[in-house]
Amino acid sequence: MKPGDTALIQEVWREHVWAARPMRVVEDSDELVVLWFPRGTRWQAPTAPAGRAREPTRGERQATSLVLGEWTFRELEWDVDTLQLWRPGDWHSTWVSWLPDGTHWGWYVNIQLPFERTPRGLRTMDLVLDVIVDADGGRRLKDEDELATHVARGSVDRELEARIRAEAERILARRFDDAWLDWRPDPAWTRPELPRAWDRLVE
Ligand SMILES: [Mg+2]
């Protein structure tokens, strides 16, 4: 991928697209892929199909969709400016975000399957648990309750759960590269847009 390209980032569950996001390629090498996902970018998130009784929490709704292999999509707009750092082989990607006034929102570490390259971008699958590092350095886990729901329902098995928790512990202890805080996008870049057939694994 070349700087400025739009990459299609797909989350995939059992060979079906679970979520799709367009991101602008900042850099791409064998060691690091950097992606720009600006505020206002439209992306596709999974949602329960019409007709299914609505469960009270997002974790339950998503676990049911995964177990049944049934979901539809809804379009969402991303709400902050986000730069994403993806390293080959890592069980997470690291996001730095800025608020509309340019202040640093903090770091968000998204635990996910190691990415694979596709003809149109990258594929992975979100693994529910996340780590948030506030701009003042405070660290916390996000969505532990949702992980517990996925384990109870079987959409995350015990072995994978252990892997996810070990990854979270490593992330809680790691350092973050503040050099990225000064990064700014090419002013000529428009918001990336999803390509056609974003819900397909092959174009
Ligand atoms: Mg996540």
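Some observations on this one:
- Residues of the range 11-58 satisfying the condition of being of a type in the set (A, V, I, L, M, F, W, C), out of contact with any helix residue (DSSP H, G or I) (no Cβ under 8 Å at 6 or more places or on another chain) and open to solvent by 40 Å² or more (accessible area, probe 1.4 Å): ALA50, ALA53
Condition check ((1) open to solvent by 60 Å² or more (accessible area, probe 1.4 Å); (2) touching an Asp or Glu at 6+ places or on another chain (Cβ under 6 Å); (3) more than 16 Å from the ligand (Cβ to nearest atom)) across all residues:
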| position | (1), (2), (3) |
| --- | --- |
| GLU60 | no, no, yes |
| ALA63 | no, no, no |
| VAL67 | yes, no, yes |
| LEU76 | no, no, no |
| ASP79 | yes, no, no |
| SER97 | no, no, no |
| HIS104 | no, no, yes |
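- The set of residues in the range 106-116 that are within 16 Å of the ligand (Cβ to nearest atom) and open to solvent by 20 Å² or more (accessible area, probe 1.4 Å) comprises TYR108, LEU113, PRO114, PHE115.
- Test: GLY89 is at positive phi, of a type outside the set (A, V, I, L, M, F, W, C), part of a loop (DSSP other than H, G, I, E, B) and at pLDDT below 95: no
- On the stretch given as the range 151-160, residues that are over 14 Å from ALA63 (Cα atoms) and in contact with a helix residue (DSSP H, G or I) (Cβ under 8 Å, 6 or more places away or on another chain) total 1.
- Condition check for VAL131: surrounded by 14 or more Cβ atoms within 10 Å (Cβ to Cβ), more than 16 Å from THR94 (Cβ to Cβ), among the aliphatic types (A, V, I, L, M) and at pLDDT 95 or above: no
- Strands (runs of 3 or more DSSP E) completely within the range 108-203 that count 3 or more residues being touching a residue at least 40 places away in the same chain (Cβ under 8 Å): 121-124, 126-134
- Scanning the range 117-147 for residues that are more than 15 Å from the ligand (Cβ to nearest atom) and over 14 Å from the mean Cα position of the chain (by Cα) gives ARG117, THR118, PRO119, ARG120, ASP134, ALA135, ASP136, GLY137, GLY138, ARG139.
- Close pairs from the range 83-103: first hydroxyl-bearing (Ser, Thr, Tyr), partner part of a loop (DSSP other than H, G, I, E, B) and surrounded by fewer than 21 Cβ atoms within 10 Å (Cβ to Cβ), Cβ under 6 Å, at least 6 apart: SER97/VAL80
The values are calculated or read from the model by the stated rules, or taken from the named source; none is laboratory data. These numbers come from a predicted model, not from an experiment. Note that each Cβ is placed from the backbone with ideal geometry, even for glycine, and that neighbours are counted across all protein chains shown. Surface accessibility is based on the protein's heavy atoms, side chains included, excluding ligands, DNA and RNA. Shrake-Rupley method; radii C 1.70, N 1.55, O 1.52, S 1.80 Å.
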